[in-house]
Amino acid sequence: MPILYFIACFGFLVQLVADRLLLCYYYREPPMYDTKLTQMTLRIINLMALVSVYGSWYQLGNYKIFES
């Protein structure tokens, strides 16, 4: 079991180095975002709010949940 700590530490170290190298050399320029993407995101958020309200209404109205 104690060897797993060293393996996990080595794995975290490799991931840390890989993330730093990828951030410096591969992900140099941020992606270009436009207003179309923003508008689509706002529509999805509004839709999810309505779905959440319906789900909450269903759960609170279902008396079988509160029987036990």
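The values are calculated or read from the model by the stated rules, or taken from the named source; none is laboratory data. What you see is a predicted model, and the numbers here were worked out from it, not measured in a lab. Methodologically, a virtual Cβ is constructed for each residue, glycine included, from the backbone with ideal geometry; neighbour enumeration extends over all protein chains shown.
Whether any residue in the range 30-37 is within 24 Å of the chain's Cα centre (by Cα) and surrounded by 10 or more Cβ atoms within 10 Å (Cβ to Cβ) is what I want to check.
yes
For the range 1-29: of the residues being assigned to a loop (DSSP other than H, G, I, E, B) and either of a type in the set (D, E, K, R) or within 21 Å of the chain's Cα centre (by Cα) (or both), which is surrounded by the most Cβ atoms within 10 Å (Cβ to Cβ)? Give the steps one after another, and end with the answer.
Step one: list which residues in the range 1-29 are assigned to a loop (DSSP other than H, G, I, E, B), which gives 1, 26-29.
Checking which are either of a type in the set (D, E, K, R) or within 21 Å of the chain's Cα centre (by Cα) (or both) leaves us with 27-29.
Numbers: TYR27: 10, ARG28: 7, GLU29: 5.
Looking at the filtered set, the residue picked out is TYR27.
For ILE65, are the conditions met, namely being in a helix (DSSP H, G or I) and either at pLDDT 95 or above or among the hydrophobic types (A, V, I, L, M, F, W, C) (or both)?
No; evaluated as a whole, the condition is false for this residue.
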